[in-house]
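S.K.: Take a look at this one; I'll ask things after.
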Amino acid sequence: MKLNSTILLTLTLLTLMLGAGSVSAFWGFTLGSAALEGVSTPDSRPTNKFANSKVNSSQQVGVMMLKEEEILKMVKARIEGKTKTAKKRKSRKNKQQEQKKKTSFTKQEEKLQAGFPIKAESEGVSLSVQSSRFSGGALELQVKMQNQGSDTARFLYTFLDVTDDKGRTLSASTEGLPAELPPEGPIYTGRVIVPTPLLDGVKKISLTLTDYPAQKLRLAIPNIPVER
């Protein structure tokens, strides 16, 4: 009888222990599941990580390049705009200066300085000095040329001979005078320029011009007054 009681007690204890263990395991599983809700398993596959990283990197680079291109376009447009504006201003300034020169010569011609114009003619080709003035450290003679003959007249102005009233040859340059005068052509206007230091004590100068290379014409204008 005592033995049966012992066995019954042992079985009862084992049943209680198993029941307690099962309850503890179930309760632990329930708490663990609740704690892990919303937590996903990290993607440990290296291929996916590399692909995702590459896509994100490409998207970021694309956005940065687009912004940079837009900035470069804006900067380029501004630079080109400023360059065009500067060129327009320079062109406008040059035109204004040229117009001032023409206006100055026109006014000077209208006043008709005493002793002017002085004209020479040969074979239908004429050369006339309309006026003279000192400007910018030089004597400027405004001259006109025209060919009313039947043949083209050609000139090389390095052969223009300029002398003073003492017979000395003076260095001179020309502006605006044509290399060729067509027959029955228009009037051409230009300048003969003599540096002022060469005219110290000079009261009159003379011009002599021949055509080149034929040298059939001789245009000579003596005693051009030099007034300061």
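S.K.: For K204, put the label point 7 Å out on the Cα→Cβ axis and report which residues of the range 155-187 keep their amide N under 17 Å from it.
M.R.: It comes to 162-170, nothing else.
S.K.: T196: net charge of surrounding residues, Cβ under 11 Å, Lys/Arg +1, Asp/Glu -1, itself excluded?
M.R.: -1
S.K.: Order of 171-183, 128-140 by packing, highest average Cβ count within 10 Å first?
M.R.: Descending packing order for the listed peptides: 128-140, 171-183.
S.K.: Sequence-distant or interchain residues sharing an amide H contact under 5 Å with D211, placed H: which?
M.R.: K216, L217
Any read-out appearing in this document is the output of simple, stated calculations on the displayed coordinates, not a laboratory observation. In this text, all values refer to a predicted model and were calculated from it rather than measured experimentally. Note that we place each Cβ from the backbone using ideal geometry, even for glycine, and neighbour counts take in every protein chain shown.
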